[in-house]
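The values are calculated or read from the model by the stated rules, or taken from the named source; none is laboratory data. Keep in mind the model is a prediction, meaning the values are calculated, not measured. Note that we place each Cβ from the backbone using ideal geometry, even for glycine, and neighbour counts take in every protein chain shown. Ligands, DNA and RNA are excluded from the accessible area calculation, which covers all protein heavy atoms including side chains. Shrake-Rupley method; radii C 1.70, N 1.55, O 1.52, S 1.80 Å.
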Amino acid sequence: MDLHDLAWKAKHEQPEGGSLPPLDGSVEAMRLRILGKLIYQVGREPRTASPRDWFVATAYAVRDTATSSWFTERGAPAAGGKRVYYLSLEFLIGRVLMDTIGNLGLTGQVREALLQCGVDLDDIVVEEPDAALGNGGLGRLAACFMESMSTLKIPAYGYGIRYEHGLFRQVIEKGLQRELPETWLAHGNPWEFARADTFYPVGFGGTVVGEPDPTGPHGWVPDETIHAFAYDTPVVGAGGQHTNTLRLWAARAAEPLQLDTFNRGDHVGALRERVKTEAISRVLYPGDESSAGQELRLRQEYFFASASLQDLLGRHLAEFGSLETLPDKAAIQLNDTHPAIAIIEMMRLLVDVHRIAWDRAWTITNETFSYTNHTLLPEALETWPVALMERLLPRHMQLIFLINMRHMQAARDKGADHRVLAELSLVDELHGRRVRMGHLSFLGCHAINGVSALHSDLVRSRLFKGMDQIYPGRISNKTNGITFRRWLHRANPGLTRLLVETLGDGFLADPVQLEKLAAYADKPALQAAFAAERLACKQRLAVIIKDRTGVVVDPASLLDVQVKRIHEYKRQLLNIVQAVAHYRAILADPGRQWVPRVKLFAGKAAPGYVRAKEIIRLVHDVAQMVNNDPVVGDRLKIVYMPNYNVSLAEQIVPAADLSEQISTAGMEASGTGNMKLALNGALTIGTLDGANIEIRDFVGPENIFIFGLTASEVAAQSALGLDSHHAVRANPVLSQVFEMIASGAFSPDEPHRYRNLIDGTQSYDRFMLAADFDSYVAAQARVDAAWLDPQLWWRMAMLNTARLGWFSSDRSIREYAESIWRVPVLQP
Ligand code: 26Q
């Protein structure tokens, strides 16, 4: 049948627009559904449809299927269950199509249905833009958690902002990062449902009308009101039996046009307010691990917190009639402090609007909320100037002062002196009166957690030492996890097939069963098959590398990857400095047996982070020289892949041989890229930081390359001072590398380009580059030695895959469900 006949047939098989044949899971039903969507919703016929048209039609057809399980599960919590509300400024979802059809169990049917239309599923998957509504780990964690909550059938809502522009697109021009706007919605979003009838007013500014009792109800008359409109996306769990909702808010002016201004003839001026109002959901702040401190950011935080609380309180009241039972029916998880103003908004709604007595309101709030901390870096801890809060959220600022007064009194009662009180206060008086959102979150929540064992210990012993002493027992650990559906089953179908053939399919639902692979770790045939899968991934990646950077790499080389946001604490600088040392060693002795290596870097720098951008440029400049040095050849290649995002990660992760997790110990809260790479059998070179420690505990110290100072050694060193000139002078290899970079060997057109970077690193070595350099070089030598022994290497790789099952986000979510949210949860 040619395409013309197909279109004709489709039209005649399709009832006009509306009623469609039932989705019975058959290829035929899917084919008809896709064709119907193409014709009646996209408005194209098969003959002229572009790959994007086919993608949109397929997405609509698949969404129909997802929607069915959505409706059937909606009523379930009425049976007494509790709902989880995951509040996050970021959801870094990536592409949705393969996840959704994979979890619905429809991948085969969709592929076949499209094939019958002459379309290859793989060709349309790439038409979907990444939903890049996040910066990095924190946002990606929220996406993995949403998928796991659906899989475990926990009734849950994710609440966030529907940014019109997600994280910027990165281009690298002569080593310089340039940011271009990201436009994921440019061609519409087939996954979402716009709820034109679900919106809430959110106020800003204005005045508080009070009464004598400060803890009694007050009125708030904002001078600006914005509407938050809901957009819902179904999140389908594995098996397709349960679907949760990701509800994202978009800001719309309550009054689209200022009529008085308009009528005075100022037609453009009448739109000005609207532009300012709608800026709230325009763009994601691109700074990770640094607090923006900008008014617009605070407006974003309150906007989405208020809308989400109004929404969930309304749902609770409609279903249960009284807010007294809220803690039994709702658990609200704060993804870092970004949504922490929700705690105060809850108090305002309970006390001012619902007229609940202060103490009772505080108990309800505290029992409902919990908070996850993702960072210890001082520059990332959110604080807001009291003056800004007073102007933007006057009632909330009053409530914060009241809560703080009671908090200070309780602390005094427990014997805190002035110094301790200053440390415990919600208001930092030393840096120009600022509200500490971390302290507020601690106080307002019954449970606080860190994201790896080490990190949680440091949250307890450093960040919240004082708070933990007066409110003991609130802090616990919930080590992060990743969804294996996306990061193994779908990102690495070749390896997954091999694992199913070898182990059976039990590990697909219960990843701890990957353990069975350990019995095969020494079997030559399986080692060879495992290595062959890796090679195939590397060959595919080599094509992408060539396309995007022009660099030709040999897929047989050891592929060494460091892919993550660019930050000094993550120490991409340590990696490239070691690469220069390695380059010098090759030049000094080209005849030695060198292990051919490709060093791959990818990641975005915050637009205002000058140092991070210099590091990108240095990688680029070193790459230029090394890659074009005829003496070096394939012994060393350096690649900077632009625009790292979830989809690129899905290509890199299954291809990597070596995973660089080299943060200064004590600074990376957990890491999750470390888990993705190790799960796919990459070996880790890393410090004893974040979840690396637990990965080592699971895979065994002989199957990972650990180096460097421990977190307590870093603390001890720091206390002695951060000047490393002396250490560098005492280290001939490092001083020669620094000298080479600083003198312009890699930037002959601008010899002083890296002077500042190198001088700065020596005089203020906060990230312990000098202290860890030798130990890192030695660990890299151990990597080379292991690579030269393939039997050893592939045994290590297979043992990594075998022992990573625990790092599933299903396990993380089970832990949250059992000990924080107290919701019933499926066991594997
Ligand atoms: C704060 C204020 C204003 C603007 C932006 C921000 C902001 C935005 C994003 C601050 C921090 C972030 C992101 C932090 C993040 O991704 N942290 C990572 O979280 C992962 C999940 O727990 C951990 O694995 C990583 O170790 C941690 O760095």
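Set the Förster radius R0 to 51 Å, insert the Cβ-Cβ distance between ALA585 and ASP260 as r into 1/(1 + (r/R0)^6), and round the FRET efficiency to 0.05.
0.10
Give me the distance in nm between label points sitting 7 Å out from Cα along the Cα-to-Cβ direction at VAL610 and GLN409, one decimal.
4.9
Which whole-Hz ³J(HN,Hα) couplings does segment 354-369 yield from phi under the Karplus relation 6.51 cos²θ - 1.76 cosθ + 1.60, θ = phi - 60°, glycine and proline marked x?
Karplus-based 3J(HN,Hα) across segment 354-369 equals 9, 6, 8, 4, 3, 4, 5, 4, 5, 5, 4, 4, 4, 6, 8, 8 Hz.
Using 14 Å as the cut-off for backbone N distance, which residues of segment 530-569 belong to the label zone defined by a point 7 Å from the Cα of VAL125 along Cα→Cβ?
537, 540-541
Tell me, in nm to one decimal, what length is gained between GLN241 and ASP774 on full extension, where the rule is 0.36 nm per residue of separation less the Cα-Cα distance?
Values: separation 533, 0.36 × 533 = 191.88 nm, distance 5.28 nm.
Stretched fully, the GLN241-ASP774 segment lengthens by 186.6 nm.
Taking a ≥ b ≥ c as the square roots of the eigenvalues of the Cα gyration tensor of segment 565-664, is the shape rounded (a/c under 1.5), prolate (a/b larger than b/c) or oblate? Walk me through the numbers on the way to the answer.
Details: a/c = 1.98, a/b = 1.52, b/c = 1.31.
Prolate, since a/c reaches 1.5 and a/b exceeds b/c.
How would you order 214-220, 655-661 from highest to lowest mean count of nearby Cβ atoms within 10 Å?
The most tightly packed comes first, giving 655-661, 214-220.
What is the set of long-range amide H partners of ALA156 at a cut-off below 5 Å, with H atoms built 1.01 Å from backbone N?
VAL84, THR245
If packing is taken as the mean number of other Cβ atoms within 10 Å per residue, what is the order of 820-826, 328-334, 177-183, 338-344, highest first?
Details: 820-826: 17.4, 328-334: 23.0, 177-183: 15.4, 338-344: 27.3.
Output ranking for 820-826, 328-334, 177-183, 338-344: 338-344, 328-334, 820-826, 177-183.
Which aspartates and glutamates, if any, have their Cα less than 18 Å from the Cα of LYS329, not counting same-chain residues under 8 positions apart?
Straight-distance partners of LYS329: GLU73, ASP311, GLU319, GLU367, GLU818.
Tell me which residues come under 5 Å, amide H to amide H, from ALA605 once H is placed; ignore anything under 5 positions away on its chain.
Long-range HN contacts for ALA605: ILE566.
Return the FRET efficiency for the residue pair GLU173, GLN651: r is the Cβ-Cβ distance, R0 is 35 Å, and the value is rounded to the nearest 0.05.
0.95
For segment 422-578, how many pairs of lysine residues have a Cα-Cα distance under 28 Å, where the two are 8 or more positions apart or belong to different chains?
Count of close lysine pairs: 12.
So how do 221-230, 61-70, 450-459 stack up, highest first, on mean other-Cβ count within 10 Å?
Averaged packing, sorted descending, gives the order 450-459, 61-70, 221-230.
At 1.4 Å probe size, with the rest of the protein present, what percent of the exposed accessible area of segment 351-432 is carbon and sulfur atoms?
57
Karplus couplings for segment 792-809 from phi (6.51 cos²θ - 1.76 cosθ + 1.60, θ = phi - 60°), rounded to Hz, Gly and Pro as x?
Rounded to whole hertz, the list is 5, 4, 6, 4, 4, 4, 5, 5, 5, 4, 4, 10, 9, x, 5, 7, 5, 5.
Taking a probe of 1.4 Å, how large is the accessible area per residue of segment 290-439, in Å²? Display every interim value, and only then the final one.
Details: 5280 Å² over 150 residues.
Solvent-accessible surface per residue comes out at 35 Å².
For the chain, with only Lys/Arg (+1) and Asp/Glu (-1) charged at the beta-carbon, what is the dipole magnitude about the Cα centre, in debye rounded to 20?
For this selection, approximately 160 debye.
Under the rule of at least 5 residues apart or a separate chain, name every residue whose amide H is placed under 5 Å from the amide H of SER476.
ILE448, ASN449, GLY450
Once you have the Cα-Cα distance between ARG47 and ASP749, take 0.36 nm times their residue separation minus that, and quote the gain in nm to one decimal.
Length gained, ARG47 through ASP749: 247.3 nm.
May I ask you to evaluate 6.51 cos²θ - 1.76 cosθ + 1.60, the Karplus curve with θ = phi - 60°, for each residue of segment 265-274 and list the ³J(HN,Hα) values in order in whole Hz, giving x for glycine and proline?
Residue by residue, segment 265-274 yields x, 8, 5, 7, x, 5, 9, 4, 4, 4 Hz.
Please enumerate, by chain and number, the aspartates and glutamates with C-alpha under 14 Å from the C-alpha of LYS414, excluding those fewer than 8 residues away in the same chain.
ASP468
Please report how far the C-alpha centroid of segment 371-432 lies from that of segment 104-180, rounded to the nearest whole angstrom.
Segment 371-432 and segment 104-180 have Cα centres separated by 37 Å.
Cα to Cα, under 17 Å, and not fewer than 8 places away if on the same chain: which aspartates and glutamates meet these conditions relative to LYS613?
The qualifying aspartates and glutamates are GLU173, GLU179, ASP288, GLU289, GLU568, ASP621, GLU750, ASP759.
Quantify, in whole percent, the carbon and sulfur part of the accessible surface of segment 127-234 (1.4 Å probe; protein heavy atoms only).
56
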